[in-house]
Amino acid sequence: MDIDFSPQDLEFQREVRAWFQANTPESLKRKVITGQMLQKDEIVQWQRKLDDRGWLVTGWPKEYGGPGWTPTQRYIFDLERAAANAPVGLSMGVIMLGPVLIAFGTPEQKAQYLPRIRRCEDWWCQGYSEPGAGSDLASLKTAAVSDGDDYVINGSKIWTTYAHWATHMFCLVRTANTGKKQEGISFLLIEMDRPGIEIRPIVSIDGEHHLNQVFFTDVRVPKRNLVGREGQGWDIAKYLLTHERTSIAGVADSKAHLANLRAAASERRSGGRPAIEDPALRLKIARAEIDLMALEYTNFRVLAATAAGKAPGPESSLLKTMGTAVQQTLSELDVELAAELAWPWHEQGEFGQGRFAHAMPRYCFSRAATIYGGSDEVQKNVLAKMLLAGGAH
Ligand SMILES: Cc1cc2nc3c(=O)[nH]c(=O)nc-3n(C[C@H](O)[C@H](O)[C@H](O)COP(=O)(O)OP(=O)(O)OC[C@H]3O[C@@H](n4cnc5c(N)ncnc54)[C@H](O)[C@@H]3O)c2cc1C
């Protein structure tokens with residue numbers, strides 16, 4: 001899709017494109033194209049490189065180290081980053097906690113944590129979900145009981161992505177059991193080396209260790225680690241979730257994925273011809289492309305609203321639902337194109353030097369995309385409420 005960028009935006013695009021072409025390590029490109037999991041060190045090194053260039057915390061205000069870009073520039077940046085097969089990394093500190101601290105943190109919390117997030121000196125994980133509280137997050141039970149200058153934490157969090165890499169967790173805890181259940185929730189920062197924290201791994205269907213269950217037994221956390229007021233955790237969590245859902249849509253990465261899929265379909269031969277000449281496969285790729293185009297237009301609408309000063313609202317649910325559906329379709333098409341090569345035990349041979357060696361694990365793990373960050377059904381409930389209340393913005 002062509003849109004009219006201003007001459008300044010086009011100049012910016014050339015600069016960003018050239019930087020990613022010159023600076024993205026081949027090893028990372030390969031992992032991105034084939035859908036392999038990045039290790040912590042790779043993400044940290046890459047993010048420090050971006051920060052050296054001033055391009056890591058692109059969504060933060062200038063006074064906290066952001067580059068001061070317009071929403072259009074941020075969009076162009078993401079497009080060029082993905083087109084270069086450069087990873088987005090997964091920094092919950094940069095994408096989620098940073099904006100929360102900027103909006104709700106004390107001056108001391110901002111001074112202590114924001115620079116360390118930027119330099120990837122701390123690794124943050126998200127402690128929201130519990131065994132009995134996922135979609136119905138407000139039912140969470142992990143208790144924070146006041147005791148002098150500390151809270152004493154007891155309970156358990158589950159599905160905690162990269163808790164085993166984390167130095168810190170931003171956590172929703174229950175500080176009161178009276179009134180509406182949302183009103184008793186607080187937002188607390190917890191150092192992961194505090195006595196009484198135990199992390200147990202959960203290996204997912206792709207055979208990788210992304211997830212964990214975290215147990216808290218009489219863990220003492222100082223009250224200065226509370227973000228916002230006691231009982232304000234639910235509002236903070238909702239603020240954070242709109243940021244999370246908008247970023248999960250992954251338009252730029254799906255565009256790059258589609259381009260890589262097309263290239264592979266031209267290279268791979270099926271029945272003596274390039275696979276891309278198979279009408280059934282072409283139709284499926286075209287459908288994915290149309291869905292992606294619709295998603296991109298929706299993303300533009302959200303960008304335009306953001307540029308006009310509106311925070312992303314229920315539109316982020318639309319982006320999340322549509323975006324993750326496209327991601328799943330593309331991973332299915334990878335497996336279809338790979339055919340026998342998608343099986344991990346298959347001899348990969350010369351073709352694409354193992355281009356599809358990770359197609360099946362990636363396909364399997366991408367099923368989770370319509371669960372994490374709020375399940376598909378829950379997003380659709382949000383959208384239905386918006387429509388009943390008078391339609392989209
Ligand atoms: C790969 C992965 C990574 C994750 N990372 C993190 C993390 O880092 N930190 C964290 O806190 N959590 C994380 N999660 C947890 C995630 O947020 C929850 O899995 C999600 O919110 C769903 O909750 P649940 O698993 O308890 O399912 P449930 O809430 O029990 O839902 C089960 C099913 O019921 C449906 N359902 C539930 N309520 C409704 C309703 N009202 N209307 C219609 N249908 C409904 C759901 O859509 C789903 O299909 C992660 C999950 C995954 C899979």
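The values are calculated or read from the model by the stated rules, or taken from the named source; none is laboratory data. Please read all numbers here as calculations on a predicted model, not as lab measurements. When we count neighbours, we look across all protein chains shown, and the Cβ atoms used for this are built from the backbone with ideal geometry, even at glycine. These accessible areas exclude ligands, DNA and RNA; they are computed on the full protein's heavy atoms, side chains included. Shrake-Rupley method; radii C 1.70, N 1.55, O 1.52, S 1.80 Å.
Sticking with the crude label model, points 7 Å out along Cα→Cβ, report the distance from Q21 to S266 in nm, one decimal please.
Those two pseudo-labels are separated by 1.7 nm.
Any idea how far apart K29 and R224 come out in nm if each label point goes 7 Å out from Cα toward Cβ?
4.7
For each pair in K255/K380; K110/K181; K157/K310; K62/K385; K29/K157; K62/K380, compute the distance between the two Cα atoms and list the pairs where it is over 27 Å.
K110/K181; K157/K310; K62/K385; K29/K157; K62/K380
Can you put L28, L241, L10 in order of accessible area, largest first, using a 1.4 Å probe?
L10, L241, L28
Percent relative contact order of the range 1-156, based on C-alpha pairs within less than 8 angstrom and at least six residues apart?
Here the relative contact order equals 20 percent.
So, with +1 on the Cβ of K and R and -1 on the Cβ of D and E, and no other charges, what is the size of the charge dipole of the range 124-236 about its Cα centre, to the nearest 20 debye?
Charge dipole of the range 124-236: 240 debye, to the nearest 20.
At 1.4 Å probe size, with the rest of the protein present, what percent of the exposed accessible area of the range 111-188 is carbon and sulfur atoms?
48
Considering every Cα-Cα pair within the range 1-148, what fraction, in whole percent, is farther apart than 21 Å?
Looking at the range 1-148, the distances longer than 21 Å represent 55 percent of pairs.
Can you give the angle from 0 to 90° between the axis of helix 251-267 and the longest principal axis of the chain, with both taken from C-alpha atoms, to the nearest 10?
Taking Cα atoms only, the helix is inclined about 30 degrees.
Round to the nearest 10 and give me the degree value, 0 to 90, for the angle of helix 233-248's Cα axis relative to the longest principal axis of the chain.
The angle comes out at about 10 degrees.
Quote the FRET efficiency, to the nearest 0.05, computed for C364 versus L388 with a Förster distance R0 of 35 Å and r equal to the Cβ-Cβ distance.
0.45
Compute the signed sum of charges (Lys and Arg +1, Asp and Glu -1) over the other residues within less than 11 Å, Cβ to Cβ, of T34.
Overall, the nearby charge balance is +4.
Multiply the residue gap between S135 and A111 by 0.36 nm, knock off their C-alpha separation, and tell me the result in nm, one decimal place.
Full extension of this stretch gives 5.3 nm more.
What is the magnitude of the charge dipole of the range 193-337 about its Cα centre, with +1 placed on the Cβ of each Lys and Arg, -1 on the Cβ of each Asp and Glu, and no other charges, expressed in debye to the nearest 20?
For the range 193-337, the charge dipole is close to 420 debye.
Given a cut-off of under 8 Å on Cα pairs at least six residues apart, what relative contact order in percent is computed for the range 7-89?
42
So how much slack lies between D193 and K310, counting 0.36 nm per residue of separation and subtracting their Cα-Cα distance, in nm?
The span from D193 to K310 would gain 38.2 nm if fully extended.
Each residue of the range 319-335 in turn: what ³J(HN,Hα) in whole Hz from Karplus with 6.51, -1.76, 1.60 and θ = phi - 60°, glycine and Pro shown as x?
With the stated coefficients, the range 319-335 comes to 4, 5, 5, 5, x, 6, 5, 5, 4, 5, 4, 5, 6, 5, 5, 4, 5 Hz.
For the range 1-59, build the charge dipole from Cβ charges (+1 Lys, Arg; -1 Asp, Glu) around the Cα centre, then report which of T24, Q8, T34 sits farthest towards its positive end.
Of T24, Q8, T34, it is T34.
Read phi for every residue in the range 115-124 and hand back ³J(HN,Hα) as whole Hz from Karplus 6.51 cos²θ - 1.76 cosθ + 1.60, θ = phi - 60°, with x for Gly and Pro.
3J(HN,Hα) across the range 115-124, in whole Hz: x, 6, 5, 4, 8, 6, 7, 10, 10, 9.
If you average over every viewing direction, what projected area does the convex hull of the Cα atoms of the range 89-212 give, in nm²?
Quarter of the Cα hull surface area: 8.7 nm².
Given charges of +1 on the Cβ of Lys and Arg and -1 on the Cβ of Asp and Glu, with all other atoms neutral, how large is the dipole of the range 7-89 about its Cα centre, in debye to the nearest 20?
About 220 debye.
Calculate, in nm to one decimal, what Q232 and E121 gain on full extension: separation in residues at 0.36 nm each, minus their alpha carbon distance.
Full-extension gain reported as 37.2 nm.
From the phi of every residue in the range 378-389, what ³J(HN,Hα) in whole Hz does the Karplus formula 6.51 cos²θ - 1.76 cosθ + 1.60 yield, where θ is phi - 60° and glycine or proline is x?
For the range 378-389, the Karplus curve yields 5, 4, 5, 4, 4, 5, 4, 4, 5, 5, 5, 7 Hz.
Tell me, what is the percent relative contact order of the chain, built from C-alpha pairs under 8 Å that lie six or more residues apart?
14
Using amide H atoms built 1.01 Å from N in the peptide plane, name the residues 5+ places from A163, or on other chains, whose amide H lies under 5 Å from its own.
Distant-sequence amide H within range of A163: N212.
Find out how many positive minus negative residues lie around M360, taking Lys and Arg as positive, Asp and Glu as negative, among other residues whose Cβ is under 14 Å from that of M360.
Summing Lys/Arg as +1 and Asp/Glu as -1 gives -3.
Starting from the Cα coordinates of the chain, work out the convex hull volume and express it per residue in Å³.
Dividing the Cα hull volume of the chain by its residues yields 150 Å³.
Return one whole number: the accessible area per residue of the chain in Å², for a 1.4 Å probe.
Result: 48 Å² per residue.
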